[in-house]
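The values are calculated or read from the model by the stated rules, or taken from the named source; none is laboratory data. The structure displayed is predicted, hence computed values, not measured ones. Note that each Cβ is placed from the backbone with ideal geometry, even for glycine, and that neighbours are counted across all protein chains shown.
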Amino acid sequence: MRTILIVFIKEVLENLRDRRTLASALVMGPIFGPILFAFMINLSIERSFEDVERTLELPVIGQEYAPNLVRYLRGRNIDVIDSPLDRTAAIEAVKTGQHDIALIIPRAFGEQLADTMPAKIELVSDQANSDADRGARRVRSALRGYNSELATLRLSARGVNPMVLQPLNIDEIDVSTPSGRSAMLLGMMSYFFIFATLMGGMYLAIDATAGERERGSLEPLLSLPVTRDQLILGKIGATCLFMCLSLTLSLLSFHVALKFMPLEQLGMTPNFGPAVVIAAFLLFAPFVLLGAAIMTLVASFTKSYREAQTWLSVVLIAPTLPIVVVSILTLRPKLEFMFVPSLSQHLLLVDMVKNEPVNNLHVLISVVSTLLFGALFTWICARLYRREGLLG
Amino acid sequence: MIKVEDIHKSFGEVRAVHGVSFDAPDGKITGLLGPNGAGKSTTLRVLYTVLKPDAGSAAIDGVDVVGESLRARQRIGALPHGSGLYPHLTARENVAYFARLCGIDKSEVDDRVDEIIRLLEIESFAARRTKGFSQGQRTKVSLARALVHDPQNIILDEPSNGLDVMATRSLRRLILKLKDLGRCVLFSSHVMQEVAALCDDICIIARGQVAIDGSIDDIRERTGCDYLEDAFVHAINRVEAE
């Protein structure tokens, strides 16, 4: 135990002096997450507001055939602009991306309208382009509005109550809480925490094997009267400390950063107060041991520092996989998910942030199973540290 | 005292060492001489227990390096080939770290480290971080680190590699000092003159085997060569012819 502590203290001291380790543990992980998050939030806010506020430019061919419609569109914040000369040119312009959408009013429009025939009108858009799709949706809803306005007028003119065309009165009641709505976006937070945690210990993990070997300090170290188990445990311990540090900073920086993000505008009120921050730390802490052990393990197979960096960036991404799968399939927390490290932390954190009750059994399984995985990988690491091939 | 008996070690197809035996007694300097790739480092690595021999045995002061590797390591100060330091620690901290790992009590570490720093004449840069040290400075600190727990047996793998004349001379003085203290010093080299100038006993290794061993006079007599270099070539040719 004394030896493990000596190794631990030396590793901590050495890495506190290493600018690269400090940068990745104290800056990269904790800062990167909130910045990326803020960026995405702002992007989605912009998106959702710009649609209504921004004037949509709509090239219309044959404006002279439907002056009333053009006026109606202008009233709906759609700027009707001059357009390519004919139908073919308009389709071509949308195809090449010169315009997102175009509206074509045929010569027969006015006649058909007067004859109370369905008047043909064409909307050209590229549905694979999400910007165009949003624009098309706005135009479509404007046209639908114009359509029902005309229908109402026609019915009134014939002495029919327009209500006959509206047999149903649909009223939607949305029961999702404001916090619940934010879940999708906030679900990303758990990955940022895992990322920050792993980043914090990355360079220490590399140093434990590949780094020491490359520097030539591994062999003298192994020729000392200490067991290799003691060395690797001290090193993994130091890696864990840096990971905890990085995790803590990352949680705190989110706690602060969320206050400055205009989340209410998106209808979100995430619960990330001090209590949740502490709970989240306790929830993610077991993952630290697992992360440290896996990173040390992977680094021990590599031949050089550079190779270790390459492989460890794969490890940085690996924990996202279960999170992504569950997010795509929008699965609810289930008992068996709690056995999967990173996934269980993610699901439980989402519940906490959404202010929903957290199942205590789920927490217990998550903590115990992640710790067991951590212990298993630490054991494998220690076994592999004993092999001769370690010297490379 | 180091005793090596018929050790074998292969890495896959490559037979690095097959059948090396020799003794390195206390109070003497024993040189392991041989061309590059002869198996010197592998032999020494078995002795400081980072490699396990496939066959044969070796003992440090009678302690088996395989069966009781931890106890054997306690009796060794090793300077592996191309030893590196921790660049973010000072020279002093590098030495103190090893002292602590060797079990020296916290209260005694400072005195011990001071002593070894004086012995190796590294006072002037002991307080500096080792990043950017010259090869000579690095070797001295590595040596201090290896000797800090005052081991009875000292194993040095090509210690003079990359050292300039002055550094080589001070290394030589240190090795002689250790001999006078009654230590068992075993070092490897591919530089003939160095071995000739320092060693009491020489063990010439070629192709993983002992070509010849004994005192310098012994070797001259048995090969019929006056110059050690000729004797060296002679012995190696004999092994390679077999």
Quiz item: Given the structure, is B:L156 within 22 Å of B:L44 (Cβ to Cβ) and in a helix (DSSP H, G or I)?
Solution: no
Quiz item: Can we say A:R138 is buried (at least 17 other Cβ atoms within 10 Å of the Cβ) and either within 19 Å of A:I61 (Cβ to Cβ) or in contact (Cβ under 8 Å) with a residue 12 or more places away in the chain (or both)?
Solution: yes
Quiz item: Could you list, in sequence order, the residues of region B:184-236 that are β-branched (V, I, T) and outside any helix (DSSP H, G or I)?
Solution: B:V185, B:V191, B:I202, B:I204, B:I205, B:V210, B:I212
Quiz item: Could we say that A:I45 is over 19 Å from A:L252 (Cα atoms), modelled with pLDDT under 80 and surrounded by 15 or more Cβ atoms within 10 Å (Cβ to Cβ) here?
Solution: yes
Quiz item: Does A:V288 satisfy being at pLDDT below 85, part of a helix (DSSP H, G or I) and of a type in the set (V, I, T)?
Solution: no
Quiz item: Filter region B:1-14 for residues that are more than 14 Å from B:L51 (Cβ to Cβ) and charged (D, E, K, R); which is surrounded by the most Cβ atoms within 10 Å (Cβ to Cβ)?
Solution: B:K3
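So that you can scan it fast, the table gives a plain yes or no per residue for (1) within 25 Å of the chain's Cα centre (by Cα); (2) within 14 Å of another protein chain (Cβ to nearest Cβ); (3) assigned to a helix (DSSP H, G or I); (4) under 16 Å from A:F281 (Cβ atoms):
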site	(1), (2), (3), (4)
A:F337	yes, no, yes, no
A:L361	no, no, yes, no
A:T370	yes, no, yes, yes
A:W379	no, no, yes, no
A:G389	no, yes, yes, no
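Right, A:L204: assigned to a helix (DSSP H, G or I), within 14 Å of chain B (Cβ to nearest Cβ) and touching a residue at least 12 places away in the same chain (Cβ under 8 Å) or not?
Numbers: assigned to a helix (DSSP H, G or I): yes; within 14 Å of chain B (Cβ to nearest Cβ): yes; touching a residue at least 12 places away in the same chain (Cβ under 8 Å): yes.
So A:L204 passes the test.
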Practice problem: Could you list all residues from region B:53-101 that are free of Cβ contacts under 8 Å to residues at least 12 places away in the same chain, surrounded by 22 or more Cβ atoms within 10 Å (Cβ to Cβ) and more than 7 Å from every other protein chain (Cβ to nearest Cβ)? | Solution: none
Practice problem: For B:T130, work out the one condition from (1) within 14 Å of chain A (Cβ to nearest Cβ); (2) of a type in the set (S, T, Y); (3) exposed (fewer than 15 other Cβ atoms within 10 Å of the Cβ) it doesn't fulfil. | Solution: (3)
Quiz item: Between residues in region B:162-186 that are over 17 Å from B:Q137 (Cβ atoms) and residues that are among the small types (G, A, S) and modelled with pLDDT of 90 or more, which pairs lie under 7 Å by C-beta distance while being six or more apart or on different chains?
Solution: B:K179/B:G27; B:G182/B:G27; B:C184/B:A24; B:L186/B:A24
Self-check item: Near pairs, Cβ below 7 angstrom, 6+ apart or cross-chain, from region B:39-51 (within 9 Å of chain A (Cβ to nearest Cβ)) to any residue that is at pLDDT below 90
Solution: B:V50/A:L391; B:L51/A:E388
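Out of curiosity, is B:L119 touching a Leu at 6+ places or on another chain (Cβ under 9 Å) and within 13 Å of chain A (Cβ to nearest Cβ)?
Numbers: touching a Leu at 6+ places or on another chain (Cβ under 9 Å): yes; within 13 Å of chain A (Cβ to nearest Cβ): no.
Considered against the rule, which asks whether it is touching a Leu at 6+ places or on another chain (Cβ under 9 Å) and within 13 Å of chain A (Cβ to nearest Cβ), B:L119 comes out as no.
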